[in-house]
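What follows is calculated from the coordinates using simple rules that are stated; it is not laboratory data. Keep in mind that what you see is a predicted model, and the values were worked out from it rather than measured. When we count neighbours, we look across all protein chains shown, and the Cβ atoms used for this are built from the backbone with ideal geometry, even at glycine.
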Amino acid sequence: MDGGMINIIRLVVDIYATVLLVRLLLQLVQADFFNPLSQTIFKITAPVVEPLHKIFPTIGRFNTAALVSAILVKWSLFIIMIAFGQVLVEQLPTYLFIAALSLLGTLIEIYFYGILIVAISSWIGTTSHPTVRLVSQIIDPYMKPFRKIIPPLGMIDISPMVAIFTLIFIRGQLLPVLSGLF
């Protein structure tokens, strides 16, 4: 299999795993279920998540089936790569941890871009758009501690900037340390 085909498969797997992670976050923050984007995400992920609910129940608002399915989807890339001789079968258990760790990086990206979307939409005045409201519901629990610590300076709120710098620090400093363990 050439590198181009592997990259296409990786892209599809990454997008679907991200959608599964967004579903987990939507349920975790109890976002608006009737939002059209929420409905779409739930319909797209239902074929993978719903069968796993029998094995992995939802604990409070935390959907363990969505998390496990996101990890398994990421891990499936390595299983596909075994079929084409790109990965050794003996390395497969290690790649399960790598798949879970890469989801942490995806979670950081979701919050990073979510903060940017909400900040830019507040500048141009489109905060009432259904998609922006949904993104805001997802990132609000992460932003809440920053907003408590850093009050707005007049009309300027610098808490999103500090939250983004925190995400950049985690991605640049902590994720490499964790990935070095595997």
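What value, in deg cm²/dmol to 500, does the helix sum -39500 (n - 2.57) over DSSP H runs of n ≥ 4 give at 222 nm once divided by the residues of the chain? Here the helix-only value at 222 nm equals -25000 deg cm²/dmol.
Within straight-line reach of Lys148, meaning a Cα separation under 18 Å, sit the following aspartates and glutamates at least 8 residues removed in sequence or on another chain: Asp140, Asp157.
Mind checking the angle between helix 3-28 and the chain's longest principal axis? C-alpha axes, 0 to 90 degrees, to the nearest 10. Taking Cα atoms only, the helix is inclined about 50 degrees.
Evaluated with a Cβ-only charge set (Lys, Arg +1; Asp, Glu -1), the chain carries a dipole of roughly 380 debye about its Cα centre, given to the nearest 20.
The stretch between Ala119 and Ile168, if pulled fully straight at 0.36 nm per residue, gains 16.0 nm over its current Cα-Cα span.
Work out the FRET efficiency for Ile150 and Thr126 from their Cβ-Cβ distance, taking R0 = 30 Å, and round it to the nearest 0.05. Plugging the Cβ-Cβ distance into 1/(1 + (r/R0)^6) gives 0.80.
Consider all pairwise Cα distances in the chain and report the whole-number % of them above 24 Å. Considering the chain, 46 percent of its Cα-Cα pairs are separated by more than 24 Å. Cross-link partners of Lys74 among aspartates and glutamates, defined as those whose alpha carbon lies under 16 angstrom from its own and excluding same-chain residues fewer than eight positions apart: Asp14, Glu109.
Working note: Karplus 6.51/-1.76/1.60 with θ = phi - 60° gives the range 103-109 the couplings 5, 5, x, 5, 4, 4, 5 Hz, where Gly and Pro are set to x. Here the range 123-154 and the range 1-71 have alpha carbon centers that stand 23 Å from each other.
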